[in-house]
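FYI, it's all coordinate maths here, none of it is from the lab. Just so it is clear, the structure is predicted and the values come from calculations on it, not from any experiment. We place every Cβ from the backbone using ideal geometry, glycine too, and count neighbours over all the protein chains shown.
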């Protein structure tokens with residue numbers, strides 16, 4: 001029997017920074033394995049990625065990116081930008097397209113400027129102001145499409161990201177709607193929080 005899994009992750013870029021949000025439910029077929037998994041992984045103190053797809057593949061990629069970022073800092077004496085890391089990740093994914101990493105990744109960060117990118121399993125790279133991945137992404141992107149506007153504040157973007165994930169959780173059976181992990185990355189650094197809902 002084919003096992004089904006899913007998730008919803010979203011990203012929004014503003015002039016002040018980047019917001020990443022994801023549900024915290026891990027499911028396997030008809031079973032909820034946990035309601036408390038982190039689907040946003042920090043790579044540096046200014047760059048993070050979201051996880052949708054094979055957990056093992058994403059963890060391996062995260063370790064590679066973390067090592068590359070440290071090597072870059074050591075070699076050049078400055079941090080790797082989120083844009084450079086997105087291009088590096090795109091190359092890593094494309095090199096393995098005959099035996100691909102089964103992932104959908106959003107990368108967000110603020111090193112020199114706010115940066116948000118979406119990558120598919122074959123290394124396709126798109127920079128955008130907002131995006132969504134995972135099984136609930138069709139529902140989330142509709143909320144983002146309707147609610148996004150230029151010059152949003154960080155707080156407005158955060159509320160929109162949470163609403164997009166929660167809405168997806170109400171319609172996609174593989175996405176949880178009780179808790180949302182939120183990571184905000186600005187010029188001042190990275191902050192993580194969890195927003196819980198009673199209903």
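Spin-label pair residue 112-residue 173: with each label point 7 Å from Cα along the Cα-Cβ axis, the two points sit 4.8 nm from one another.
Across 159, 66, 150, mean-square fluctuation computed from a Gaussian network of the chain (C-alpha pairs under 10 Å connected) peaks at 150. A straight line joining the Cα centroids of segment 37-76 and segment 112-191 runs 18 Å. Full extension of the chain segment joining residue 66 with residue 156 gains 29.4 nm, where the gain is 0.36 nm per residue of separation less the Cα-Cα distance. How high is the FRET efficiency between residue 99 and residue 33 when r is their beta carbon distance and R₀ equals 30 Å, given to the nearest 0.05? So the FRET efficiency works out to roughly 0.70. Each peptide in 88-94, 164-170 was scored by the mean count of other Cβ atoms within 10 Å over its residues; highest first, the order is 164-170, 88-94.
The Cα atoms of segment 79-181 cover 36, 34, 21 Å along the three principal axes, with the biggest extent listed first.
Think of it as helices only: each DSSP H run of n ≥ 4 in the chain is worth -39500 (n - 2.57), and spread over all residues that comes to -11000 deg cm²/dmol at 222 nm.
Using the Cα coordinates of segment 58-108, the gyration tensor eigenvalues translate into equivalent-ellipsoid semi-axes of 21, 11, 10 Å, sorted from longest to shortest.
With neighbours defined as other Cβ atoms within 10 Å of a residue's Cβ, the residues 198, 179 order from fewest to most as 198, 179.
Taking 183, 18, 55 as the candidate residues, the one with maximal mean-square fluctuation in a Gaussian network model of the chain, Cα springs under 10 Å, is 55. Taking other C-beta atoms within 10 angstrom as a stand-in for reagent exposure, 38, 158 fall in the order 38, 158, fewest first. Going by neighbour counts of Cβ atoms within 10 Å, the residues 87, 30 line up, fewest first, as 30, 87. All distinct Cα pairs of segment 9-196 go into the 1/r average, and the inverse of that average, the Kirkwood radius, is 16.3 Å.
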